[in-house]
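Right, one structure below, let's go through it.
The values are calculated or read from the model by the stated rules, or taken from the named source; none is laboratory data. Since this is a predicted model, take the numbers as computed values, not measurements. Here the Cβ positions follow ideal geometry from the backbone for every residue, glycine too, while neighbour counts run over all protein chains shown.
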Amino acid sequence: MVADAQFAAALYSAAPWANRTGAPICALEHLVALRGHFSSVYLVLPEHGPLEKLAVEAELPVWVSPLVYKGLRQGGFSRFWRGIGPVLRSRWQYVRGLVRQLRSQPGILHIHSRTTHLPYALLAGLLARVPVVVTIHEPWTRGFEAWLDVLLIHWLADRVILVSQNMADDYPRFLRRRAAISYNFSPVPVLLTRPESHSPLRIGMLARMGHRKGADIFLATCRLLRERGIPCEAWVAGGWNSEAEQKVAADYIAAHQLQSVVRDLGLVEDMPVLYRQLDVLFLPARRDPLPRVVMEAMCHGLPVVASRVDGIPEMVVDGETGILVEPENVEGFAEALARLLADPELRHRMGTAGHARAQEIFTIEAYRDAMMNVYKGLLPTAP
């Protein structure tokens, strides 16, 4: 079997950031799933951060070369030229250092996410002459940068992976023709032991809060629930995209007297405990190819109310494991949440069905088998 193959080579998993969000966590867990099939594995990071600690706890070697991302678009033309030197220098150091590492221990470079680190990791793979695989976690946006990214991937990557079928259908035909579809997996324990419902009931939005994740829709829905006298708390965890967005949200909460409803937890480290403290997961995202929080919530037996967008309908079976609503439909979200909050039997039934579905399609075995099929032919297997 392909999944039983062993490669006498290294596996490098390149993350876009070092925070504890979707794509970086996937880059780390990619190595957890596959390290038994390679002579060595390395997590490649463009910055220092919390993901390093997780890698150390998982006994994974980490290679870090900081990439300067910010500073070119602030302060006008003169500051642009003053800032471009450190940026270019950091990016060349990233490429040069990664090339040296890849040449010292050749293997497969697996790049996660279509973000700022992508062209430099692709260039390093080209210069080191190693096979390159790219997993795209982002939705297709049809902008100039998106076209540049997919052209670079098309020209320089040996294999391409997209994380959901609906997401793949949006990408240009020349890319999706050569792409494999592979869901991520959840290493969450499979035993389902849900606590009793909380009082008041708790809705959770666990995401990097911003426009794409639907932070404004979340707050508008909370306002509607409060106005209709539906008792609940709405917990937010994951931080904010920017201080400006956080301030807008704080002003909205104050203006509509939602201080007793909305609770901002910031970044949470012990996610399994948090899932047990919630009664419903709420994700009103405008775009989200395959949200990790939905997968984890299902593994923890939480019913899900989410947008009918991108890969979410491939995860949540509407009416069975949760309720799907058209994007930006605040009235629809409020009705779905009110229905679940009023019916403990429905919450239990949907949560149990979601847990069973997650353990069927989001397993480490299925993920490992899919990745090994992608790697087949890129490297010779060990005798």
message: Tally up the residues in region 318-368 that are basic (Lys, Arg) and not assigned by TED's automatic domain parsing to the domain that holds residue 281, please.
response: 1
- prompt: Which one of these does residue 358 not meet: (1) in contact with a Cys (Cβ under 7 Å, 6 or more places away or on another chain); (2) surrounded by fewer than 22 Cβ atoms within 10 Å (Cβ to Cβ)?
  reply: (2)
query: Considering only residues of region 319-356 that are assigned to a helix (DSSP H, G or I) and β-branched (Val, Ile, Thr), which is nearest to residue 225 (Cα to Cα)?
result: 330
task: Could you tell me whether residue 244 is small (Gly, Ala, Ser), modelled with pLDDT of 95 or more and loosely packed, with under 14 Cβ neighbours inside 10 Å?
output: no
query: If you check every pair at least six apart or on different chains, which have Cβ atoms under 6 Å apart with a residue in region 336-351 that is farther than 9 Å from residue 301 by Cα first and a residue that is assigned to a loop (DSSP other than H, G, I, E, B) and β-branched (Val, Ile, Thr) second?
result: 338/230
- request: Mind listing just one residue for me: the one in region 19-68 that is part of a loop (DSSP other than H, G, I, E, B) and farther than 23 Å from residue 138 by Cα and, of those, modelled with the lowest pLDDT?
  value: 65
task: From 86, 106, 131, grab the single residue that is at pLDDT below 95, in the same structural domain as residue 21 (by TED's automatic domain parsing) and under 30 Å from residue 186 (Cα atoms).
output: 106
- request: Could you name every one of the helices (runs of 4 or more DSSP H) located completely within region 100-188 that has at least 2 residues being hydrophobic (A, V, I, L, M, F, W, C) and closer than 21 Å to residue 295 by Cα?
  value: 165-170
task: Determine whether region 197-215 contains at least one residue that is in a helix (DSSP H, G or I) and over 30 Å from residue 159 (Cβ atoms).
output: yes
message: Regarding region 367-374, can at least one residue be identified that is touching a strand residue (DSSP E or B) at 6+ places or on another chain (Cβ under 7 Å) and assigned to a loop (DSSP other than H, G, I, E, B)?
response: no
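Quick grid of which residues meet (1) over 21 Å from residue 112 (Cβ atoms); (2) crowded, with 21+ Cβ neighbours inside 10 Å; (3) basic (Lys, Arg):
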| site | (1), (2), (3) |
| --- | --- |
| 162 | no, yes, no |
| 197 | yes, no, no |
| 205 | yes, yes, no |
| 234 | yes, yes, no |
| 250 | yes, no, no |
| 262 | yes, yes, no |
| 265 | yes, no, no |
message: Looking at region 204-231, I want the residues that are closer than 22 Å to residue 267 by Cβ and have a partner that is among the acidic types (Asp, Glu) and part of a helix (DSSP H, G or I) with Cβ atoms under 8 Å, at least 6 apart or on another chain. Which pairs are those?
response: 209/245; 210/245; 211/245; 215/245
statement: Exactly one of 371, 315 is surrounded by 21 or more Cβ atoms within 10 Å (Cβ to Cβ) and assigned by TED's automatic domain parsing to the domain that holds residue 50, and that one is 371
